[in-house]
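What follows is a short report on a single structure.
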Amino acid sequence: TTAPDVNPALIHWAGPMGLPEFARIDDHDFAAAFAAALPAHLAEIDAIANDPAVPTFENTIVALELAGEMYGRVSGVFWNLSGANTNETLQELERELSPELSRHHSTVMMNAALFARIDALYQEAENLSLDSEAARVLELTWKSFVRSGAKLDPVNQNRLAEINERLASLGTAFAQNVLADERDYALVLETDDDLAGLPGFLISSMAAAAEERGHDGKHAVTLSRSIIEPFLTFSTRRDLREQAFRAWGARGEGPGERDNRPIVAETVKLRAEKAALLGYATFAHFKLDNTMAKTPEAVRNLLETVWEKARTRAAEEAEDLSALIAGEGHNHAVAPWDWRHYSEKQRAARFDLNE
C-alpha cells in the first residue's frame, strides 16, 4: 500500500515495459516517499527477525529478499535521476539522504535477531537440501551481514555505523564537487581559428553549450565527456587542448569547499579504521575478500604480470606519435593533451578510419 502523501507513480510503475512514468514524478515527491518507505521496510525486517517459527530458507532468506519493495522502487527512481539528470533540489536531498540511508542499512544489517536466524541457517546449510543457487544466496547473505558488522559487539557496531554514515556523506560530497566543477567550467572560444580541426557535430554541441551559459554566437568547451573528449581528439589548437585537459584533470582539486583532497584523506583514514574493526589488515583486504581476486597480493601479481608488456607497448605508441609530431614540423614531446589527438591521426593514416 502507498501512504496518502506519497506519489503512487514512485511505487506503481505503469510506464512502457513496466518502467516508472517519470513525467508524473516531481523532484519534491521523494522526501515523503522515503519517509514512508524506510519505516515500512524496517517493519518488514522486524517481522522476519521476530517470527516465532523456526528459521527456514523461505521464512528468512526469501522473505528478506522480498522485503522493502517500496523502499527499493523509490530508491531506484531517485538514484537514477540523481545520477543522470540531477539538479539542486535532488542534490540537496542526496546530501540529506546519504547518511540517513547509511543508518538505515546499519540498522538492518546489525539486527541481532535477524542475524541469529541467518546464522542458524548458515551453520546448517549442508543439511537444508538447498540447490546450488539457494546455497549461494544463503552464503552471500551471511557474508554480507558479517562484513556489515553483525558479529561485532555493540560498542564496535556503533562505531562502524558512525564510520559508514560519515563515509556516505563524504562520498556524496566528493561526487558533487566533481560534478559542480564539470558544470561550472567553460572555455569560451571567440574566433573561427579556435575551432580549427573540429567536426561539425562538435561545433554544434559547443555552440549550444555556449548559448546555455549566456555566450550567444560563441562556442564553449565544457568538461562533459561528450564535448571534452572529442575536443581533445580533433582540435588542432594545442594551447587550447592543454587548457581544457588541465581543467579536466583538476576537477575537485580547486581551493575552497570543492577541494576533494581533505575528503580523500578523511575517507582513507576511515576506511582503514573500518577494515581494522572488521578484522582485516587493510581496506584493500576487506574490499577484495568477497571478490574473485580475494587478496591485494593476487591483484598486485596480476598487475605486475602485465606491467612490463603494457609499459613497452605504451612506449612504442609514444614513439609513433612523436614521429607524427615531428612530421608536422613540431619539436615538442608527447604530452597528455596530445595523446588523443595524434592517436586519431595515426588511426586515420594507418587504417583509413574516420570517426
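Kindly establish whether THR107 is open to solvent by 20 Å² or more (accessible area, probe 1.4 Å) and part of a helix (DSSP H, G or I). So THR107 fits the description; yes. Based on this model, can you work out whether LEU10 counts as open to solvent by less than 40 Å² (accessible area, probe 1.4 Å), aliphatic (A, V, I, L, M), without any contact (Cβ under 8 Å) to a residue 60 or more places away in the chain and within 22 Å of GLU94 (Cβ to Cβ)? For LEU10, the condition - open to solvent by less than 40 Å² (accessible area, probe 1.4 Å), aliphatic (A, V, I, L, M), without any contact (Cβ under 8 Å) to a residue 60 or more places away in the chain and within 22 Å of GLU94 (Cβ to Cβ) - is not met. Would you say LEU97 is over 19 Å from PHE145 (Cα atoms) and either surrounded by 15 or more Cβ atoms within 10 Å (Cβ to Cβ) or aliphatic (A, V, I, L, M) (or both)? Yes. With respect to the stated conditions, ASN290 is touching a residue at least 24 places away in the same chain (Cβ under 8 Å) and open to solvent by 50 Å² or more (accessible area, probe 1.4 Å). Taken as a whole, region 274-286 holds no residue that is in contact (Cβ under 8 Å) with a residue 40 or more places away in the chain, among the charged types (D, E, K, R) and under 30 Å from LEU189 (Cβ atoms).
Note on region 329-355: residues that are among the polar types (S, T, N, Q) and open to solvent by 80 Å² or more (accessible area, probe 1.4 Å) amount to 2.
Among residues of region 251-287 being in a loop (DSSP other than H, G, I, E, B) and of a type in the set (Gly, Ala, Ser), the one that is most open to solvent (accessible area, probe 1.4 Å) is ALA281. Of all residues in region 119-142 being among the charged types (D, E, K, R) and more than 15 Å from GLU65 (Cα to Cα), which is most open to solvent (accessible area, probe 1.4 Å)? Ranking the qualifying residues of region 119-142, first place goes to GLU126. Restricting attention to region 317-352, the residues being among the β-branched types (Val, Ile, Thr) and touching a Ser or Thr at 6+ places or on another chain (Cβ under 9 Å) number 1.
For region 219-229, the tally of residues that are part of a helix (DSSP H, G or I), open to solvent by 20 Å² or more (accessible area, probe 1.4 Å) and touching a residue at least 24 places away in the same chain (Cβ under 8 Å) stands at 1.
The values are calculated or read from the model by the stated rules, or taken from the named source; none is laboratory data. Fair warning: this is a prediction, and the values are worked out from it, not measured in the lab. Ideal geometry is used to build each Cβ from the backbone, glycine not excepted, and the neighbour counts take in all protein chains shown. For the accessible areas, the whole protein counts, side chains as well, though only heavy atoms, and no ligand, DNA or RNA atoms are used. Shrake-Rupley method; radii C 1.70, N 1.55, O 1.52, S 1.80 Å.
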